[in-house]
Amino acid sequence: MKQLLVSAFSFLLILSGYSQPYITSCDNSKTRQLTMDEAMLKARTTLAPANLAQLQFYGTTNDYVYLKDGVWMRGNNKTSADTAFLSLEQLNSQLSAASLSAVKTMPPIRFRPDGWLLTHNGNKLLLDPVTRRFKKLLTKELADKENAEESKAGFVAYLDNHNLYVTHISNPDDHGYLSNDKPVQVTKDGSKDIVYASSVHRDEFGISKGTFWSNEGSRLAFYRMDQSMVTDYPIIDWTAQPARADLIKYPMAGDKSHHVTVGVFDAVTSKTTWLQTGLPAEQYLTNIAWSPDDKFIFIAVVNREQNHMWLNQYDVASGAFVKTLFEQTDDKYTEPLVPMQFLKNNPAQFLWQSNRDGWNHLYLYDINGQLVKQVTTGKWEVLDVKGFDAKGENLFFTSTIISPVDKTLCMVNMKTGIVTIINNVPGVHTTQLSADGSAVLDVFSTVSNPRTVQLITIGSSGKSKKTMKPAMTAKTLLQATNPLSDYTGVQLSVFTIKNKNGDSLFCRVYKPCNGVSDMQYPVIVYWYGGPHAQMILNNWNGGAGDYWFRYMAQRGYAVFTLDTRGSDNRGKAFEQSIHRMHGKAQMEDLESAIEYLGAQPWADTKRMGLFGWSYGGFMTTDFVLNHPGVFKAAVAGGPVMDWKYYEIMYGERYMDTPQENPDGYTATNLLKQAAKLKDKLLLIHGLQDPVVVQQHSVMFVKACVDAGVQVDYMIYPGHEHNVGGKDRAHLYQKVTDYFNQHVK
């Protein structure tokens, strides 16, 4: 495999078999320590590494643009210095010529091939800088509506009082299909129980919205969810006088689930057709995709047991079921997350993502559902498809091809299957592809490099058809300096240990920089361990979103994190090890980590604390109940305490139903184990949590009271599953105080 190595300076070696560590140098020359507000509230603002604001390609060109000090700058791979091309004065001149009022500050702009996309006085506009005319895509009135989404043809779908409406925005050159451009009320029975045009199935299976415009833009596919059979669940609004119960629909494992169907509204004829998705009603309709000619809709239908998927085709005009392209089964669970993606220049073929061989990879199918070939292969995961080059010959995607903690942009030739790494510098790469695929904006970091921004230009392939090696050049646009250079340093390491099965587990540790080689530190262990999450990455701050770990290390703690079995991007077997028995594999992995810590001269394993949130809150509580005395104190935030009180979609995927898996549910019911609590335990819960409902922690407190054991409890009114905003600093001060009191 031929690869391009692009580097602004010397980087650490690529992990070979996940054995070589990523580690930062230790500088103890500074004495300034982070405050809690700085650690929690400024990590993504004033203390974040420098970046190029709103960096993007300009239209269909390979020129890049970004905003600097209120002025848009522009450059390319041939210019040594970027030049200003759009000031506020120049933008206001354009707006004036288009008969629009001036703006006081530079708004965000997306420089699309068909014009400049911006919001002006609440209206979403597309401004043509050549003709100096504009087109309204979304008016302020419509933008304020729930779930508003515009189409390519000028139609807008939105929700109002639970019902779906579609209207057309008139522009001087448009001829709207709807009479007088008045909204058409598509549905009339919308309510709290009958939900339209919204995300369904509790946002599982990659679902994040409920409307899907056709490619041409005059037809709208939308979800209808009947949840009248789902029991109401009270979320208490404590700000009301008296307090009020806001009822949500929360389908718990083993109970009745909602029923979902898909409608298609034709904005030309104002008629709605319902797809004949059939029975049983309790099934999951996921990954909706339109055919390139807009004649068909494809849906990945998953049974409630989540072990069988049918990729079905439906006729848009009649709603009739056409055929099943292919099926996919799994003895544990199958979870389609990405809709089919048609080839750029071949509407008769599409890509499908699947982990059927044990790793998430790309498969090429024809429109009849026949497998043409597996496009990518290897013991690594495809993460995200970015797009094709101009001819559709090469496909770009990000992957874990270097290691699970590195996110790397790759290119695969659709004919030869040869994979080329675009930039094999280890780290987490966030990339944008130019319109023709011949240039990439690459923003990446490592544990020791705050941020590098590069423009990579990809030339034509070389003469050798065996290697298809493309010529590439790189231009560094930004090299960020350490935003924490004025603060006391900490040493950050990312490395692996082995569990009892021989699996490599990624770990991260923050240690103080005090120059004392034989110092022992109290240890805080932070973990999660559940699916669709990865705590540790080879990027700035090691994958942590804030600086609390550094804050604690500056104050004499070692903070240790590991990604146990069950976590993301390590292949199907690694994740599915938790099936039907949450916690068992993860407990074993934490035991391996504790053995590792016990052998480290810097770790004081007689003074340790354990901390986890959500799934990690369940894991934390489970561990201290069943391994008393290992940790002096633990903090469990938003914890699941009994999986039969968790939602159907996620819960039944990993645990099956309580009726099918009674032993698994009994073993993971922490309410029945409360009497075993010997260690200090602080529970934290947001009072408005609609994900892990507060009933979990309240019932555990009740179980502790009944058993005569002590437990500490903290609530956050007004917050849901996560505590955000300024209160996040309060939360972490509470956690810090608890560990200072009972561990340090």
| Would it be correct to say that Thr398 is at pLDDT 95 or above, surrounded by 19 or more Cβ atoms within 10 Å (Cβ to Cβ) and in contact with a strand residue (DSSP E or B) (Cβ under 6 Å, 6 or more places away or on another chain)? | yes
| task | Given the conditions (1) surrounded by fewer than 16 Cβ atoms within 10 Å (Cβ to Cβ); (2) over 27 Å from Gly210 (Cα atoms); (3) at pLDDT below 95, report the number of the one that Ser170 does not fulfil. | result | (2)
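Condition check ((1) in a helix (DSSP H, G or I); (2) surrounded by fewer than 19 Cβ atoms within 10 Å (Cβ to Cβ)) across all residues:
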{"residue": "Gly542", "(1), (2)": "yes, no"}
{"residue": "Phe549", "(1), (2)": "yes, no"}
{"residue": "Val559", "(1), (2)": "no, no"}
{"residue": "Ile578", "(1), (2)": "no, no"}
{"residue": "His582", "(1), (2)": "no, no"}
{"residue": "Ala585", "(1), (2)": "yes, no"}
{"residue": "Leu590", "(1), (2)": "yes, no"}
{"residue": "Glu595", "(1), (2)": "yes, yes"}
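Per-residue answers, yes or no, for (1) more than 27 Å from Leu279 (Cα to Cα); (2) surrounded by fewer than 21 Cβ atoms within 10 Å (Cβ to Cβ):
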site	(1), (2)
Glu305	no, yes
Phe321	no, yes
Phe326	no, yes
Leu337	no, yes
Gln349	yes, yes
Trp352	no, no
Gly358	yes, yes
Val372	yes, yes
Gly387	yes, yes
| field | Hits in region 694-706 - residues which are out of contact with any His (no Cβ under 7 Å at 6 or more places or on another chain) and surrounded by 15 or more Cβ atoms within 10 Å (Cβ to Cβ) | value | Gln695, His696, Val698, Met699, Phe700, Val701, Ala703, Cys704
| Extreme residue, nearest to Ala667 (Cα to Cα), among residues of region 605-650 that are of a type in the set (Gly, Ala, Ser) and surrounded by fewer than 23 Cβ atoms within 10 Å (Cβ to Cβ) | Ser614
| query | Can you name the residue in region 426-447 that is among the small types (Gly, Ala, Ser) and within 22 Å of Val405 (Cα to Cα) and is also surrounded by the fewest Cβ atoms within 10 Å (Cβ to Cβ) among such residues? | reply | Ser445
| field | From the options Tyr365, Tyr284, residue that is surrounded by fewer than 20 Cβ atoms within 10 Å (Cβ to Cβ), aromatic (Phe, Trp, Tyr) and either modelled with pLDDT of 95 or more or within 25 Å of the chain's Cα centre (by Cα) (or both) | value | Tyr365
| Does Val691 fit the bill of being buried (at least 17 other Cβ atoms within 10 Å of the Cβ), in a loop (DSSP other than H, G, I, E, B) and at pLDDT 95 or above? | yes
| said: Checking His168 against (1) touching a helix residue (DSSP H, G or I) at 6+ places or on another chain (Cβ under 8 Å); (2) of a type outside the set (A, V, I, L, M); (3) without any contact (Cβ under 8 Å) to a residue 40 or more places away in the chain, only one condition comes out false. Which one? | reply: (3)
| remark: The number of residues in region 713-740 that are free of Cβ contacts under 8 Å to residues at least 60 places away in the same chain and more than 26 Å from the chain's Cα centre (by Cα) is 6
| said: I'd like to check something: does region 569-576 contain any residue that is in contact (Cβ under 8 Å) with a residue 40 or more places away in the chain, in contact with a Phe, Trp or Tyr (Cβ under 9 Å, 6 or more places away or on another chain), assigned by TED's automatic domain parsing to the domain that holds Gly651 and among the hydrophobic types (A, V, I, L, M, F, W, C)? | reply: no
| query | Within region 651-680, can you find the residues that are under 20 Å from Ser257 (Cβ atoms) and polar (S, T, N, Q)? | reply | Thr657, Gln659, Asn661
| query | Do we find a residue being within 30 Å of Met641 (Cβ to Cβ), in a strand (DSSP E or B), among the small types (Gly, Ala, Ser) and touching a Pro at 6+ places or on another chain (Cβ under 6 Å) anywhere in region 291-302? | reply | no
| query | Quick check, is Phe506 part of a strand (DSSP E or B) and either surrounded by fewer than 18 Cβ atoms within 10 Å (Cβ to Cβ) or touching a residue at least 24 places away in the same chain (Cβ under 8 Å) (or both)? | reply | yes
| message | Can you find, within region 314-332, the residue that is farthest from Gln576 (Cα to Cα) among those that are under 28 Å from the mean Cα position of the chain (by Cα) and either assigned by TED's automatic domain parsing to the domain that holds Asp656 or not β-branched (Val, Ile, Thr) (or both)? | response | Phe326
| field | Scan of region 598-646 for residues that are within 31 Å of the chain's Cα centre (by Cα), among the charged types (D, E, K, R) and in a loop (DSSP other than H, G, I, E, B), ordered by number | value | Asp642
| task | Would you point out the residue of region 393-422, among those that are of a type in the set (Gly, Ala, Ser) and part of a loop (DSSP other than H, G, I, E, B), that is farthest from Val443 (Cα to Cα)? | result | Gly417
| field | Residue among Tyr233, Tyr158 that is hydroxyl-bearing (Ser, Thr, Tyr), at pLDDT 95 or above, within 18 Å of Pro251 (Cβ to Cβ) and outside the structural domain of Tyr650 (by TED's automatic domain parsing) | value | Tyr233
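Conditions tested, residue by residue: (1) surrounded by fewer than 16 Cβ atoms within 10 Å (Cβ to Cβ); (2) over 27 Å from the mean Cα position of the chain (by Cα); (3) outside any strand (DSSP E or B); (4) not small (Gly, Ala, Ser).
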| site | (1), (2), (3), (4) |
| --- | --- |
| Glu38 | no, no, yes, yes |
| Ala43 | no, no, yes, no |
| Thr46 | yes, no, yes, yes |
| Thr61 | no, yes, yes, yes |
| Phe85 | yes, yes, no, yes |
| Ser96 | yes, yes, yes, no |
| Ser101 | yes, yes, yes, no |
| Met106 | no, yes, yes, yes |
| query | If a residue has to be without any contact (Cβ under 8 Å) to a residue 12 or more places away in the chain and more than 26 Å from His627 (Cβ to Cβ) to count, how many in region 640-677 make the cut? | reply | 1
| said: Would you confirm, using the coordinates I've provided, whether Lys209 is of a type in the set (Lys, Arg), at pLDDT 95 or above and over 24 Å from Lys192 (Cβ atoms)? | reply: no
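Quick one: would you say Asp518 is among the acidic types (Asp, Glu) and within 26 Å of Thr605 (Cα to Cα)?
yes
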| If you take the residues in region 74-98 that are out of contact with any Phe, Trp or Tyr (no Cβ under 9 Å at 6 or more places or on another chain) and of a type in the set (A, V, I, L, M, F, W, C), which one is farthest from Thr119 (Cα to Cα)? | Ala81
| Looking at region 301-348, which of its residues are more than 26 Å from Arg202 (Cβ to Cβ) and small (Gly, Ala, Ser)? | Ala317, Ser318, Ala320, Ala348
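The values are calculated or read from the model by the stated rules, or taken from the named source; none is laboratory data. Because the structure is a prediction, the values reported are computed rather than measured. We place every Cβ from the backbone using ideal geometry, glycine too, and count neighbours over all the protein chains shown.
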